[in-house]
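Engineer: I'd like to ask some things about the structure below.
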Amino acid sequence: MMSIYDKLGAKTAGIKARNVEKPAEKAPRSAPGMFLNATQRLDAAEARVEELEVKLKEAEASGTREIALDQLHEVGGRRRKLTEQQYNELKENLRNNPLVTPITVRKRAEGGFEIVSGNNRVEVFRELGRTSIPAALLESDDDQAEINAFYANLLQPDLPDFEKFLGFKKIIAKHPDLTHAQVAEGAGVSRSFVTQLMAFDDLPSDAITILNDRPEALGANAAQDLAGLAKKGRAEQVVRAIARLAAGEIDQARAVREAAVDIIAKAGAAKPEPIRIKIGRATYCAIQRADKVLRIQFQSAEEAEAVQDAIREVLERRAMQTK
């Protein structure tokens, strides 16, 4: 024969937990009340355990975890260069908001983790006095880690074209058998874009040195134009134009125009002053030469017409003497 506790247990077995932690409620004193309260608490605890297990499995599946900052190590060449303004904006964002995108890391043989992408976020967390950061754990070899780090930065819309070039150049150097089309397919960009970026490689070494410090100064379109000029023997003009561009003195279009002109010859050729023929204090006409062009300007159209025949006779005699 079932006891009263067994009967109550059978009747309440399907009852889901409710929030019973109400300050105004008094703890049950009767045996049935105590049993019902215990059952409700047990169901609530089991539901909470199930919820935590689901979250734990999701975290394990995604490889995301909290990792102590003192366990993270930076690999040279992976940190994305930010301007002072960009870095400060990132810092203020993370000061006031949670990290939406976890960093990516992989385990080191000697212990700890190496940062694949997210070096700036880690640095900001350190400056803000944080002790850990959400991270996604990747399983990859050294080569794939470098590629993953580059592709993570490539997705950033404000990544300078020069840094994109450096990333693609590193991939091509490690896999010289890959064509631009294959590299582009792996990155999810067009082949022509990769080819255009690789024009940076045709710039003079002094120009590359400048761009290493100011990667945002020059875009791929202008780089392609300047690289073409460098191939035509205007390397010095290209370096000079890029230096002025990096200093903020000119824009990219002006840099290409200046590199296309022999600046030294242009600066050395002073513009000739016009020769003025006077009648007393008044100017009768002005003569000015620009390379192969001789220009004579009269004060009136009638005088120009009247002198035209005389000028023709002079030129005809000159032509006969030259002949």
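Engineer: Filter segment 166-203 down to residues that are of a type outside the set (S, T, N, Q) and not in a helix (DSSP H, G or I), then give me how many there are.
Structural biologist: Quick first cut of segment 166-203, residues of a type outside the set (S, T, N, Q) only: 166-178, 180-181, 183-189, 191, 193-194, 197-203.
Keeping just the survivors that are not in a helix (DSSP H, G or I) gives 175-178, 188-189, 203.
Here the count works out to 7.
Engineer: On to the next question. Check whether at least one residue in segment 279-293 is β-branched (Val, Ile, Thr), more than 42 Å from the chain's Cα centre (by Cα), more than 30 Å from Pro204 (Cβ to Cβ) and modelled with pLDDT of 90 or more, and report yes or no.
Structural biologist: Taking segment 279-293 and keeping what is β-branched (Val, Ile, Thr), we get 279, 283, 287, 293.
Now restrict to residues that are more than 42 Å from the chain's Cα centre (by Cα): 279, 283, 287, 293.
Keeping just the survivors that are more than 30 Å from Pro204 (Cβ to Cβ) gives 279, 283, 287, 293.
Restricting the remaining residues to those that are modelled with pLDDT of 90 or more gives 287.
Looking for residues that are β-branched (Val, Ile, Thr), more than 42 Å from the chain's Cα centre (by Cα), more than 30 Å from Pro204 (Cβ to Cβ) and modelled with pLDDT of 90 or more, one finds at least one in segment 279-293, hence yes.
Engineer: I would also like to ask the following. What are the pairs, 6+ residues apart or on separate chains, where a residue within segment 207-236 that is among the polar types (S, T, N, Q) has its Cβ under 8 Å from a residue that is surrounded by 16 or more Cβ atoms within 10 Å (Cβ to Cβ) and in a helix (DSSP H, G or I)?
Structural biologist: Asn221/Gln196; Asn221/Gln252; Gln224/Gln196; Gln224/Ala199
Engineer: Another one. Which condition number does Asn153 fail, the rest of (1) modelled with pLDDT of 75 or more; (2) closer than 30 Å to Ala220 by Cα; (3) not β-branched (Val, Ile, Thr) being met?
Structural biologist: The single condition Asn153 does not satisfy is (1).
Engineer: Let me ask something else. Can you tell me which residues in segment 162-194 are within 17 Å of Arg80 (Cα to Cα) and open to solvent by 50 Å² or more (accessible area, probe 1.4 Å)? Even if it seems obvious, please write down each step before you answer.
Structural biologist: First, the residues of segment 162-194 that are within 17 Å of Arg80 (Cα to Cα): 162-171.
The answer is Leu166, Lys169, Lys170.
Engineer: Pick from segment 51-110 the residues that are among the basic types (Lys, Arg) and either under 16 Å from Leu138 (Cβ atoms) or in a loop (DSSP other than H, G, I, E, B) (or both): which of them is modelled with the lowest pLDDT? Outline the logic, then answer.
Structural biologist: Residues of segment 51-110 that are among the basic types (Lys, Arg), as a first pass: 55, 57, 65, 78-81, 91, 95, 106-108.
Filter once more, keeping what is either under 16 Å from Leu138 (Cβ atoms) or in a loop (DSSP other than H, G, I, E, B) (or both): 65, 78-81, 106-108.
On the way: Arg65: 86, Arg78: 72, Arg79: 78, Arg80: 75, Lys81: 76, Arg106: 84, Lys107: 87, Arg108: 86.
Step by step, filter segment 51-110, then rank; the result is Arg78.
The values are calculated or read from the model by the stated rules, or taken from the named source; none is laboratory data. Quick caveat, the model's predicted, so the values are computed rather than measured. Ideal geometry is used to build each Cβ from the backbone, glycine not excepted, and the neighbour counts take in all protein chains shown. These area figures cover heavy atoms from the full protein model, side chains too; ligands, DNA and RNA do not enter into them. Shrake-Rupley method; radii C 1.70, N 1.55, O 1.52, S 1.80 Å.
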